[in-house]
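The values are calculated or read from the model by the stated rules, or taken from the named source; none is laboratory data. The structure displayed is predicted, hence computed values, not measured ones. Neighbour counts are summed over all protein chains in view; Cβ atoms, including those assigned to glycine, are modelled from backbone coordinates with ideal geometry.
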Amino acid sequence: MEPAVAGVVTAVRAVVEGVFADVAALRQGVEALFERAGAPVVRDDLAELYPSLTAPLRTPGGPAKGAGFVAAPHVLADAPWWLEWWIREPSGEPSRLIVDVDPDGEHFYDYTTLPWYRDPARTGLRNVTGPYVDYLCTDEYTLTFTESVRSGGRFLGVVGTDVDVDRFEVTVLPSLRAVPGAATLINAHGRVIASNSPHRSGGSLVRDVDVAEMWAAGDPRLIPCGNFPIGLLLVP
């Protein structure tokens, strides 16, 4: 691997693994709560998770702008659907995200259909969703990092953090610009996260090559950046 390309992989891996370290801490906290519980867990029990769920939002200069736990349906005894999700306000203080979790509600938010929940629930693997416009929270391009939570073989839900794409891009762009040819970070579906090419803007889809086939075939022009669905595409 060329040194400049290796530099991109190293930079991306450092950022992503740092985010997933926060996600792992969230997972451990939720698992511990359910394992300690001598009775069915209810919404009020989640209050003890507040310090850990909001810790990524309180890190000075940290990349997270949202973090929390999203319960699997009927895991909580008094709330068939529930998001214990916090966002960082402009003041820097966390506030809980309020959404309609009533299946009969007019604006019911069925999070089980969304890839940041659905994919880790199905695979048990760490997941990166996006970039996508987060209309629910910030109206900004976002990457959502999630991981499934399980206890005793039971799926409890997912934990995760939201990261602003601009913040992610600022961190990795210097290494991308050091690559002499075109270099583009993409997700598993070929959506652009960051690029050194003005022809590939963040959030757009790569359409001139078959990204799915490249992932499946182990094409050397698409280099995995780690044990997560982000790759470095070396195609003009």
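A few remarks follow.
- Within segment 48-60, the set of residues being surrounded by 17 or more Cβ atoms within 10 Å (Cβ to Cβ) and out of contact with any Phe, Trp or Tyr (no Cβ under 7 Å at 6 or more places or on another chain) comprises Ser52, Ala55, Pro56.
- Some residue of segment 155-173 being touching a Phe, Trp or Tyr at 6+ places or on another chain (Cβ under 7 Å), in the same structural domain as Thr10 (by TED's automatic domain parsing), more than 29 Å from Pro90 (Cα to Cα) and crowded, with 17+ Cβ neighbours inside 10 Å: yes
- Of residues in segment 167-201 being out of contact with any strand residue (DSSP E or B) (no Cβ under 7 Å at 6 or more places or on another chain) and not in a loop (DSSP other than H, G, I, E, B), the one farthest from Ala4 (Cα to Cα): Arg167
- All positions within segment 36-88 that are among the basic types (Lys, Arg) and out of contact with any strand residue (DSSP E or B) (no Cβ under 9 Å at 6 or more places or on another chain): Arg36
- Annotation note: Cβ proximity below 7 Å between a residue of segment 188-203 that is in contact (Cβ under 8 Å) with a residue 40 or more places away in the chain and under 16 Å from Ala11 (Cβ atoms) and a residue that is polar (S, T, N, Q) and surrounded by 17 or more Cβ atoms within 10 Å (Cβ to Cβ) (sequence gap 6+ or interchain) occurs for Ile193/Asn187.
- Contact annotation: residue pairs with Cβ atoms under 6 Å, 6 or more positions apart or on different chains, pairing a residue in segment 51-74 that is within 30 Å of Gly153 (Cα to Cα) with a partner that is acidic (Asp, Glu) and buried (at least 21 other Cβ atoms within 10 Å of the Cβ), are Pro56/Asp22; Gly66/Asp162; Gly68/Glu84; Phe69/Glu84.
- Taking the criterion of being touching a Phe, Trp or Tyr at 6+ places or on another chain (Cβ under 8 Å) and in a strand (DSSP E or B), the residues of segment 61-85 that qualify are Gly66, Ala67, Gly68, Phe69, Val70, Ala71, Leu76, Leu83, Glu84, Trp85.
- Criterion violated by Thr129 - all others in (1) surrounded by fewer than 22 Cβ atoms within 10 Å (Cβ to Cβ); (2) touching a Phe, Trp or Tyr at 6+ places or on another chain (Cβ under 6 Å) satisfied: (1)
Yes/no per residue for (1) within 18 Å of Glu140 (Cβ to Cβ); (2) surrounded by fewer than 21 Cβ atoms within 10 Å (Cβ to Cβ); (3) not assigned by TED's automatic domain parsing to the domain that holds Arg122:
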| residue | (1), (2), (3) |
| --- | --- |
| Gly181 | no, yes, yes |
| Thr184 | no, no, yes |
| Ala194 | yes, no, yes |
| Gly203 | yes, yes, yes |
| Arg207 | no, yes, yes |
| Ala212 | no, yes, yes |
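- Among the residues of segment 27-47, those that are aliphatic (A, V, I, L, M), surrounded by fewer than 17 Cβ atoms within 10 Å (Cβ to Cβ) and assigned to a loop (DSSP other than H, G, I, E, B) comprise Ala37, Ala39, Val42.
- Failed condition for Arg126, given (1) among the charged types (D, E, K, R); (2) under 22 Å from Ala55 (Cβ atoms); (3) outside the structural domain of Gly61 (by TED's automatic domain parsing): (3)
- Check on His199, within 15 Å of Gly130 (Cα to Cα) and not assigned by TED's automatic domain parsing to the domain that holds Glu89: no
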